[in-house]
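Structure record follows, encoded as structure tokens.
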Amino acid sequence: RKKVLLQFDAVIGQQAAVYLESVKHLIELGLSGRVVSASRPMPRLRLLRQPHHLLAVVHDRDHVMWEIIILSILSVIAFLITDELIPNLTDLFVKAGLFGIDLCKTSKKKIPEAIGVVSGCVFLITSFLFIPVVFGNGLMDTQHFPHNEFAEVLAGLLSICCMLLLGFADDVLDLRWRYKLLLPTVASLPLLVVYYVNFNSTTFVVPIPLRQWLGVSINIGVLYYVYMGMLAVFCTNAINILAGVNGLEVGQSVVIALSIILFDIIELRGDQYKAHTFSLHIMIPYLATTLALLKHNWYPSKVFVGDTFCYVSGMTFAVVAILSHFMPQLFHIIPCPRHRLPKYSEETDLLHASRTIIVKKEMTALTKLILRVLTLLHLIDKIEDKESITINNMTLINLFLIKLGPTPEVQLTKNLMMFQVFSFKVSQR
């Protein structure tokens, strides 16, 4: 702040000198009765735009800090409420028939499912209550109300709310995979509309290794909106696919949320601090409610989060990615069974990689090529006979089990979360 004030004083002095020179010039013109000469233009008076801008930036950043402090307090309250609600509502879910059996345990106890709807509701309510804190000052000055930013917040929360509803419907009705691809696209429409109205930027920055061929940036036009719609589908299903082990869905979401929050805090000093402030407004309450859910979903899990949590988490990350400006298998190249969970051994209490069988007569040339490449890269464990090929299901969970061998469930979750932390560290370099 001292640095900004020093800059402010310097600019004030400069502008005062310009102002005095302008007044002196006008007096000379008035006394002489001459017209301003084109060869001697009158010095431009910039009306102190830069000092006002500096003061506005200082005021905005102070306001942002107070917003984050208030939001952190609300998020702590949200954590406590979620932590209290989950055990009190478990019996209600079991009575409604929303329960499952942990296939990786010897016990056949009924475990309440779709508890992600609880943390999702608390997250949304917290975000709704925080809206007056962000936009309360604008209500007193309707002429300068930030309508664009307000529309972004409402569109983001609307998309998350839609996925909360659709995810809970999936837990209750067990929707087919084709609908799981369609529903996130429909729920992302409010985001795409607001992005079109507020930004409509369809240019993306080319990665540095490819710039010598493609240039610094490429404008892909309407394909950019197709990409954003696919991003919403990818995010929601990516959380859902890397699942099936106690605490994994929620644990990986916590790691991703912490990574985004850390990145936002670092970038608050930059020019794009408003975009990162929006991201923090979404991610901080999400992290708080997710931590409360993780407490009950950690090994041994007392609740299952269901598709509701996966959908809400994926759409939350998509909202932050799209508005802050920062796939499931589609072609059936390799057989992809619906359930690819690791196998549980009751004798050893360890998890083993699950496998799938590929009939050689049904293999295409592309399938053979992919299997050959994956074998050379040691990414699959292949057992071949005359009629078929048996390989491990190609998920990250099964890859870890292939490389590390049979593993206890809790250790497998920790290994996968540490891998995500490592991936975040690598991406920051």
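PRO112 passes every criterion in (1) at pLDDT 80 or above; (2) in contact with a strand residue (DSSP E or B) (Cβ under 9 Å, 6 or more places away or on another chain); (3) more than 30 Å from ALA96 (Cα to Cα) apart from (3). Residues considered: PHE130, PHE168, PHE234. Of these, the only one that is touching a His at 6+ places or on another chain (Cβ under 9 Å), under 30 Å from VAL303 (Cα atoms) and in a helix (DSSP H, G or I) is PHE130.
Taken together, HIS352, HIS378, HIS332 contain a single residue that is at pLDDT 85 or above, on the phi > 0 side of the Ramachandran plot and either touching a helix residue (DSSP H, G or I) at 6+ places or on another chain (Cβ under 7 Å) or exposed (fewer than 12 other Cβ atoms within 10 Å of the Cβ) (or both), which is HIS378.
Among the residues of region 220-227, some residue qualifies, meaning at least one is in a helix (DSSP H, G or I), hydrophobic (A, V, I, L, M, F, W, C) and either under 30 Å from TYR299 (Cα atoms) or at pLDDT 80 or above (or both). Number of residues in region 406-429 that are under 20 Å from LYS105 (Cβ atoms) and surrounded by fewer than 18 Cβ atoms within 10 Å (Cβ to Cβ): the value is 6. Residues of region 178-201 that are part of a helix (DSSP H, G or I) and surrounded by fewer than 19 Cβ atoms within 10 Å (Cβ to Cβ): ARG178, TYR179, LEU181, LEU182, THR185, VAL186, LEU189, VAL193, TYR196, VAL197, ASN198. For region 240-282, the tally of residues that are surrounded by 17 or more Cβ atoms within 10 Å (Cβ to Cβ), not in a helix (DSSP H, G or I) and not hydrophobic (A, V, I, L, M, F, W, C) stands at 3. Checking each residue in region 394-409 for being at pLDDT 90 or above and β-branched (Val, Ile, Thr) picks out only THR407. Taking the conditions (1) modelled with pLDDT under 80; (2) within 21 Å of SER313 (Cβ to Cβ) in turn, LEU165 satisfies each one other than (1). Any residue in region 70-86 that is closer than 30 Å to LYS343 by Cα, surrounded by fewer than 15 Cβ atoms within 10 Å (Cβ to Cβ) and either modelled with pLDDT of 90 or more or of a type in the set (Asp, Glu) (or both)? Scanning region 70-86 turns up no residue that is closer than 30 Å to LYS343 by Cα, surrounded by fewer than 15 Cβ atoms within 10 Å (Cβ to Cβ) and either modelled with pLDDT of 90 or more or of a type in the set (Asp, Glu) (or both). Scanning region 204-239 for residues that are of a type in the set (Gly, Ala, Ser) and exposed (fewer than 15 other Cβ atoms within 10 Å of the Cβ) gives GLY215, SER217, GLY221.
Considering PHE123, PHE150, the condition of being over 25 Å from GLY306 (Cα atoms), out of contact with any Cys (no Cβ under 6 Å at 6 or more places or on another chain) and assigned by TED's automatic domain parsing to the domain that holds ASN237 is satisfied by PHE150 alone. Looking across region 202-211 at every residue that is in a loop (DSSP other than H, G, I, E, B) and either among the charged types (D, E, K, R) or touching a helix residue (DSSP H, G or I) at 6+ places or on another chain (Cβ under 8 Å) (or both), the one that is modelled with the highest pLDDT is identified as THR202. A Cβ distance below 6 Å, combined with a sequence gap of six or more or placement on separate chains, defines the contacts here; from region 149-175, residues that are under 13 Å from PHE128 (Cα atoms) reach residues that are of a type in the set (Phe, Trp, Tyr) in the pairs PHE150/PHE135.
The values are calculated or read from the model by the stated rules, or taken from the named source; none is laboratory data. For clarity, every value in this text was computed on a predicted model and none was experimentally measured. A quick note on method: Cβ atoms are made from the backbone with ideal geometry, for glycine too, and the neighbour counts reach across all protein chains shown.
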